[in-house]
1. Suppose every Lys and Arg Cβ carries +1 and every Asp and Glu Cβ carries -1, with no other charges. What dipole size does the chain come out with about its Cα centre, to the nearest 20 debye?
2. So what's the gap between the Cα centers of the range 96-119 and the range 238-275, to the nearest angstrom?
3. Just to check I understand the Karplus step: with θ = phi - 60° and J = 6.51 cos²θ - 1.76 cosθ + 1.60, what whole-Hz values come out for the range 30-37, glycine and proline as x?
4. Tell me, Kirkwood radius of the range 202-289 from alpha-carbon pair distances, in Å?
5. Could you give the angle, 0 to 90 degrees to the nearest 10, between helix 289-298's Cα long axis and the longest principal axis of the Cα atoms of the chain?
6. Report the full-extension gain for the segment residue 176 to residue 14: residue separation times 0.36 nm, less the Cα-Cα distance, to one decimal in nm.
7. Any chance you could give the angle, 0 to 90 degrees and rounded to 10, that helix 59-72 forms with the longest Cα principal axis of the chain?
8. Which value, in Å², gives the accessible area per residue of the chain when a 1.4 Å probe is used on the protein heavy atoms?
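The values are calculated or read from the model by the stated rules, or taken from the named source; none is laboratory data. Note that the coordinates shown come from a computational prediction; the quantities given were computed from them, not determined experimentally. Please note: Cβ atoms are built from the backbone with ideal geometry, for glycine as well, and neighbour counts cover all protein chains shown. For the accessible areas, the whole protein counts, side chains as well, though only heavy atoms, and no ligand, DNA or RNA atoms are used. Shrake-Rupley method; radii C 1.70, N 1.55, O 1.52, S 1.80 Å.
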Amino acid sequence: MSDKNQSRDTFGSKFGVIAAAAGSAVGLGNIWKFPYIAGIYGGAAFLFVYLAFIVAIGLPVMLSELIIGRKSQRNAFGAFKVLAPGTPWKYIGILGVSAAFLILSFYGVVAGWSIQYIILSVKDGFSSKSPEEITSLFTALTESPVKPVILQLTFMLITGAIVIIGVKKGIEKYTKILMPVLVVILIGLSIKSVSLEGAKAGLDFLFKPDFSKLTGDGVLSALGHAFFTLSLGMGTLITYGSYISKNNNLVSTVIQVTIADTVIAILAGIAIFPAVFAFGIAPTEGPGLIFITLPNVFHQMPGGFVFSILFFVLLTVAALTSSISILEVVVAYFKEEFNMGRKGATYLATILISILGVLCSLSMGVLSPYTFFGLNFFDLMDWISANLLLPIGGLFIAVFVGWFFGRKKVREESANGGKLSGVALSAFIFLVKFIAPIAIAIVLMNKVGLLNF
Ligand code: TRP
């Protein structure tokens, strides 16, 4: 091993690895984004397609990323330079670093809203408000030119600070304790939500599929979201994989992280949709869905005051453990490819992303007249990254491991010297070689009109 490799940070324990990867996966994607896009694309039908993508594409691509990272001991770009020197594969890394910029730019804005909702909760700002007033509270916040910008910058500052502290100290510690608390809060919210009058319509919406409602856009969003929610397709888990020690069992890590992520998204759905229907909110409300729905639930709950503070604190923390994993992709790239120090790399990445983030925030208000393909800048960043860059990145990552890496190397990395059963290994190879790339290609081609379903 070279000196450079020995000086790399590694995660401290087996649980630390799972905590960090799950911390990256579980975030605004599960609690903010999943309910609102499921709401737009028809509920249960979307949920089932999304679950199918998680199993058939998410699991194998996640394992592929970890294999690439741990084998190469490099960042998302450098990994391909090490494993496939002199080939264009490294451009997947560039795609990933670009996706990180776009994703974190709008992610920070939403996390900023969450901070504002902590403040509102502490001030008891939801009680005695009608559902209409709670809706206008959200609109007024997001359209304001100052407050959300300051909050977004604050969030980016905290993200940068944690990334400077470094992977091990910064990432492992927080996730371990907070994730279980988040699950408890979501269960509490779900129980309340399900017991509201009119809740059944929400449960039907979420669990009784009507596949006739499914559109090509819905399927593409389900695919994009499968990548987004598991933090796949842009090298986050290549980067994290490079910090995982050689004796970690990657397969069991992948399965545990995927289960945790999926359970939390479904719990968020159960907490939101019954309440959406009970309060007469439109499921197609869009990015404001949770911010508009949940305050109504809190202020009808015994202990709602405490619950709402806890919820938004945890949502913000969940956003942080994800945002640091996104920033880390850019920082590791700057650090290793341009020989920058961790601090300098973090400053540079944080400043550049924050500038894009300001544009995202303003695009909800003063810049809203400027649209691209009918989307404001915020939605554009989200759309390009989740529905285009991540699936394309995922496709190439799967093809790389399936076709170029070879069964022997895959076995060494995925099973720490061959413990993985032959059947499981063959199933994995089959998924990354054929199923994942073909499925992604079909969904993308359908979108651009090359195929028509
Ligand atoms: N998965 C996180 C969430 O659901 C967001 C995230 C972190 C992410 N790292 C990523 C999304 C990498 C795509 C790629 O909130």
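1. Values: 31 positive and 21 negative charges, 333 e Å.
The dipole of the chain has a size of about 1600 debye.
2. 20 Å
3. Coupling constants for the range 30-37: 6, 9, 9, 7, 3, x, 6, 7 Hz.
4. Final number for the Kirkwood radius of the range 202-289 is 15.7 Å.
5. 60 degrees
6. On the way: separation 162, 0.36 × 162 = 58.32 nm, distance 1.16 nm.
Residue separation times 0.36 nm, minus the Cα-Cα distance, leaves 57.2 nm.
7. The two axes meet at around 50 degrees.
8. Values: 16960 Å² over 453 residues.
With the other protein chains kept in place, the chain gives 37 Å² per residue.
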